[in-house]
Amino acid sequence: MSKVKVRVKFRGILQEREAVANLDENRIELQGRHYRVDQLMWDAPISGAVYGTLFNYKGALAALGETVYEAPYHGEPKAPVLYIKPRNTVIGYGMPIPLPADARELEIGAALGVVMGRTATRVSEEQALEFVAGYTIVNDVSIPHQSFYRPAIKQKARDGFCPVGPWIVEQDEVLDPDALGVRVWINGELRQENTTANLIRSVSRLIADVTDFMTLYAGDTLLVGVPEGAPVAKAGDHVRIGIDGIGSLENTIIYEDELAGGQRL
């Protein structure tokens, strides 16, 4: 079905609103009126903390090869490997992604975002989805880097490095979050294609494993991971991430020092 119930936020308006999105036509119906997605000024639809997950795609872990058995880990991860995308990174659909002066290109991290609907502490895998409000699309942008042995704050936590949106699709509209196609287009060219069927930890299992050692609060967003072979993009490139049943997130990369008038991200 191409029409789904969504929750949206717009720039300059604090309140979250309910709408109906037509995924096939990339339009929404809001208060009886119909709009193209690119006609609206979107804000990121999330409000809480954003947690990323490393190595949760089978191919991403396999790409490490034998290095996963070397110091300091000496083996495959026994629990989710998490990191934080802080508040300064979060921007909405259509907002520019800044390319810092010390970077030539950016890595595009297509991720399904799981938005929590209520506080979750030590929840079971069987009950995990009951704590989910819905799903969104996240571009986990980073400056390409090699080391995974220390927090990549400078590479992953820059201003504007976490586009989110355009909306949150309500949880009951997604029949199986572990069977969603994930694609990345750069300037209209398909550059990456994968599926959440390739997750090592399913969405339910990931929530259960994470909440075994930390609480997720309503509004927090948990990224299920980024597929292997993340494409790179440079200044001027238009990036579109599509996830089946969720929609498309679009942003353009712009040199950081060209953002007019110190535009707020």
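The values are calculated or read from the model by the stated rules, or taken from the named source; none is laboratory data. Since the model is a prediction, treat every value here as computed from it, not as a measurement. Cβ placement follows ideal geometry from the backbone for every residue including glycine, while neighbour counts extend to all protein chains displayed. For accessibility, only protein heavy atoms count, side chains too; no ligands or nucleic acids. Shrake-Rupley method; radii C 1.70, N 1.55, O 1.52, S 1.80 Å.
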**Q.** Residues of the range 121-151 satisfying the condition of being open to solvent by 60 Å² or more (accessible area, probe 1.4 Å), within 20 Å of G48 (Cα to Cα) and of a type in the set (D, E)
**A.** E130
Q. Which condition breaks for D209 when tested against (1) open to solvent by 10 Å² or more (accessible area, probe 1.4 Å); (2) touching a strand residue (DSSP E or B) at 6+ places or on another chain (Cβ under 7 Å)?
A. (2)
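Residue by residue, here is whether (1) surrounded by fewer than 15 Cβ atoms within 10 Å (Cβ to Cβ); (2) out of contact with any Leu (no Cβ under 6 Å at 6 or more places or on another chain); (3) at pLDDT below 95; (4) part of a strand (DSSP E or B) holds:
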site: A71; (1), (2), (3), (4): yes, yes, yes, no
site: H74; (1), (2), (3), (4): yes, yes, yes, no
site: Y83; (1), (2), (3), (4): no, yes, yes, yes
site: A111; (1), (2), (3), (4): no, no, no, yes
Q.
Where the second residue is among the hydroxyl-bearing types (S, T, Y) and exposed (fewer than 14 other Cβ atoms within 10 Å of the Cβ) and the first is within 13 Å of Y93 (Cβ to Cβ) and lies in the range 26-48, which pairs have Cβ atoms under 9 Å and are six or more apart or on separate chains?
A. I28/Y35
Q: Keeping to the range 121-151, report how many residues are assigned to a strand (DSSP E or B) and more than 10 Å from the chain's Cα centre (by Cα).
A: 4
(Q) Take the conditions touching a helix residue (DSSP H, G or I) at 6+ places or on another chain (Cβ under 6 Å) and among the charged types (D, E, K, R) and apply them to E228. Does it pass? (A) yes
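Which residue, of A101, A49, is within 30 Å of Y255 (Cα to Cα), modelled with pLDDT of 95 or more and of a type in the set (A, V, I, L, M, F, W, C)? Break it down stepwise before answering.
Values: A101 fails: modelled with pLDDT of 95 or more.
Criteria check complete, one pass: A49.
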Q) Tell me, which residue of the range 152-175 that is farther than 19 Å from M116 by Cβ and of a type in the set (D, E, K, R) is surrounded by the fewest Cβ atoms within 10 Å (Cβ to Cβ)? A) K154
**Q.** Filter result for the condition that a residue is buried (at least 21 other Cβ atoms within 10 Å of the Cβ), hydroxyl-bearing (S, T, Y) and either in contact (Cβ under 8 Å) with a residue 40 or more places away in the chain or more than 29 Å from R122 (Cβ to Cβ) (or both), over T215, T221
**A.** T221
Q: Return yes when K234 is open to solvent by 10 Å² or more (accessible area, probe 1.4 Å), over 18 Å from G117 (Cα atoms) and at pLDDT 95 or above and no when it is not.
A: yes
(Q) Looking at (1) open to solvent by less than 10 Å² (accessible area, probe 1.4 Å); (2) not in a strand (DSSP E or B), which one does R118 not meet, given that it meets all the others? (A) (1)
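Starting from residues that are among the hydrophobic types (A, V, I, L, M, F, W, C) and modelled with pLDDT under 95, keep the ones in the range 238-262 and report whichever is nearest to D102 (Cα to Cα).
At the first step, the residues of the range 238-262 found to be among the hydrophobic types (A, V, I, L, M, F, W, C) are 239, 241, 243, 246, 249, 253-254, 259-260.
Then keep just the ones that are modelled with pLDDT under 95; that gives 259-260.
Numbers: L259: 16, A260: 19 Å.
Once the filter is applied, the top-ranked residue is L259.
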